[in-house]
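Throughout, read-outs are computed from the coordinates displayed, never taken from laboratory work. Just so we're clear, the structure is a prediction, and the values are computed from it rather than from any experiment. FYI the Cβ positions are ideal-geometry reconstructions off the backbone, even for glycines, and counts take in every protein chain you see.
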Amino acid sequence: MWTKGFETRSVRMERLWLLTVQAPVEDLERLMATVTAITPLAMGKYDANAYQSAGGIEWYRPLEGAAAGPEQAVRKRPGVVELAFELPDDQALIDAVVEALFQAHSYQEPVIRLQPILASRSKGLDDSANPHRWWNSTGDWKRAQAASPAAPE
């Protein structure tokens with residue numbers, strides 16, 4: 001329907017690609033560094049934009065030829081998360097990111113998914129008086145966290 005995107009008064013909906021990769025949580029810093037060395041993951045006046053899901057359990061069974069060797073039982077690995085970020089519609093860039101993720105991932109068969117999406121981008125209108133914006137309501141969560149000595153990162 002909206003293969004080329006559309007606009008509202010405040011937002012442009014642009015055609016982008018959503019890349020998701022599943023990985024053990026301990027791999028994420030390395031994977032993000034790998035991706036941001038190739039592309040800044042920019043969104044308006046921000047970069048390094050990505051989303052990490054909460055940890056889940058990954059199910060799999062190694063077969064003949066797997067690095068772990070064949071097993072009869074299904075493994076259940078805790079602490080696997082999904083990292084998601086948007087990429088522009090640029091085949092060379094997508095190729096580079098997918099190849100780099102494959103090389104930096106700890107798995108023999110990394111789970112990397114790519115989906116076409118329409119994603120919002122602000123038109124940058126003056127919304128300084130909007131009562132729902134963080135600067136007019138709760139403030140900056142990061143500064144509030146720093147002020148609280150017992151707050152977790």
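Summary table below
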item: Relative contact order for the chain, counting Cα pairs under 8 Å that sit 6 or more residues apart, in percent; result: 35
item: Choice from Tyr51, Tyr107, Tyr60 showing the highest fluctuation, given a GNM over the chain with Cα pairs closer than 10 Å; result: Tyr60
item: Sorted by Cβ density within 10 Å, fewest first, the residues Lys123, Lys4; result: Lys4, Lys123
item: Neighbour-count ranking [beta-carbon atoms within 10 angstrom, fewest first] of Ile38, Ile57; result: Ile57, Ile38
item: Shape of the chain, Cα gyration tensor, a/c cut at 1.5; result: oblate
item: Estimated inter-spin distance, Ala67 and Ser148, nm [label 7 Å along Cα→Cβ]; result: 3.9
item: Chain lengthening between Asp47 and Ala96 when straightened (0.36 nm per residue, less Cα-Cα); result: 15.8 nm
item: Residue-averaged [θ]222 nm for the chain, counting only DSSP H segments that reach four residues, each worth -39500 (n - 2.57); result: -6000 deg cm²/dmol
item: The chain - charge dipole about Cα centre, Lys and Arg +1 at Cβ, Asp and Glu -1, debye rounded to 20; result: 520
item: For the range 1-70, alpha-carbon Rg over 2.2 N^0.38 Å; result: 1.61
